[in-house]
Amino acid sequence: MLCIYAASTVSGWAQEQPNFIFILTDDQQYGLMGCTGNTIVKTPNLDKLAADGVLFTNVHITTAICTPSRASILTSQFERKHGINFNSGTSMSKEGWNNTYPMVMRENGYYTGWVGKNHVPVGEGGYDSGIMEKSFDYWYAGHGHLGFYPKDRHSIFKDAKNDTQVEVVGEGIQDFLSNEQKLGGAIKFIDNRPTDKPFMLSVCFNLPHGAGTGSMQMRDSDDEIYKTLYRDQNIPLPENYIARKDIKTPKLPAEYITRKTARWVMIM
């Protein structure tokens, strides 16, 4: 995953406190960006953010899978502390959710928004509890994978002008930043964004995760970039790449895992 934090002060709005935008991309390895040395993959916007800000080149993650990693980002806790994982059947408690960064920011006077993907169950009933939707001043997100065409999977995006994920999420960002509600599917608990409050916006993509790119169909409505970019290029695999079908033994030493988890590691 790639996390980007940006802070800014918008002229005329809440000058005393900075605005925060948190951007999370899914399954984007360190070496798959221009700013980290990749000469094939084009990431001009990320490269500009890195050039204008701080690029951390020695960062590590303890749980490199979606739900526990996202829970760690929200809570600033290791998985062994928050205990949330795909195979644990656990959901973040309401009390735990109240201590996440969006809720702490809202408690301290920030207008908060969440756009894109959520993959952390919260409260009794998990994704069906409705806690996250009610926790933000602006909610334009879907639980679980978004797919490359979010409108096919989540009704909240049905009124978006575009069909593809990046563009749909972009529409949500623009809607959040405006003082008018343009997207019928977006949930706004405050009709017009207050000009006397700073904002905290979390933007969570499901790309370049394979669960998103794997659903691409080359539709007529696709932007030209998806139809042409990399079309005639041979993109080499990483030197240490092993296809899932070729994994015959667990990646972790046997003394660290049970037989059950060994099977799980092998199929992942």
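The values are calculated or read from the model by the stated rules, or taken from the named source; none is laboratory data. Owing to the predicted nature of the structure, the values given are computational and were not obtained by experimental measurement. What goes into the accessible areas is simple: the full protein's heavy atoms, side chains included, and nothing from ligands, DNA or RNA. Shrake-Rupley method; radii C 1.70, N 1.55, O 1.52, S 1.80 Å.
Taking all Cα pairs closer than 8 Å and separated by 6 or more residues, the relative contact order of segment 85-201 comes to 28 percent.
Computed over the Cα atoms of segment 118-233, what is the ratio Rg over Rh, Rh following Kirkwood? Walk me through the numbers before you get to the answer.
Numbers: Rg = 15.5 Å, Rh = 15.5 Å.
Result: Rg/Rh = 1.00.
Of the whole protein surface, E95 contributes about 130 Å² of accessible area at a 1.4 Å probe radius. Just to be sure I understand: of the beta bridges DSSP finds with both ends in segment 53-196, what percent are antiparallel, rounded to 5? Percentage antiparallel, nearest 5: 20. Rolling a 1.4 angstrom probe over the chain with all protein chains present gives an accessible area of which 53% lies on carbon and sulfur atoms.
Multiplying the residue separation of F189 and D223 by 0.36 nm and subtracting their alpha-carbon distance yields 9.0 nm.
Note: relative contact order over the chain, using C-alpha pairs below 8 Å and six or more positions apart, is 19 percent. Applying Stokes-Einstein at 4 °C and 1.567 mPa s to the Kirkwood radius of segment 56-186, computed over alpha-carbon pairs, gives a translational diffusion coefficient of 82 µm² s⁻¹. In straight-distance terms, cross-link reach from K182 covers every one of the aspartates and glutamates whose alpha-carbon lies under 19 Å from its own, apart from those fewer than eight places away in the same chain; here that gives E133, D137, D159, D163, E167, E171, D191.
Exposure check, 1.4 Å probe, all protein chains in place: L237 carries approximately 120 Å² of accessible surface.
Dividing the convex hull volume of the alpha carbon atoms of the chain by its residue count, what do you get in Å³ per residue? Don't skip to the end; give the middle numbers.
Working: hull volume 42.3 nm³, N = 268.
Convex hull of Cα atoms, per residue: 158 Å³.
Across segment 160-176, computed HN-Hα scalar couplings (Karplus, 6.51 cos²θ - 1.76 cosθ + 1.60, θ = phi - 60°) run 5, 5, 9, 10, 8, 4, 4, 5, 5, 4, x, 4, x, 4, 5, 5, 4 Hz from first to last residue, x flagging Gly and Pro. The residues of the chain expose, per residue, 59 Å² of accessible area to a 1.4 Å probe. My understanding is that a pair violates if its Cα-Cα distance is over 31 Å; which of K134/K227; K117/K227; K94/K188; K151/K248; K81/K251 do that in this structure? Long pairs (Cα-Cα over 31 Å): K134/K227; K151/K248.
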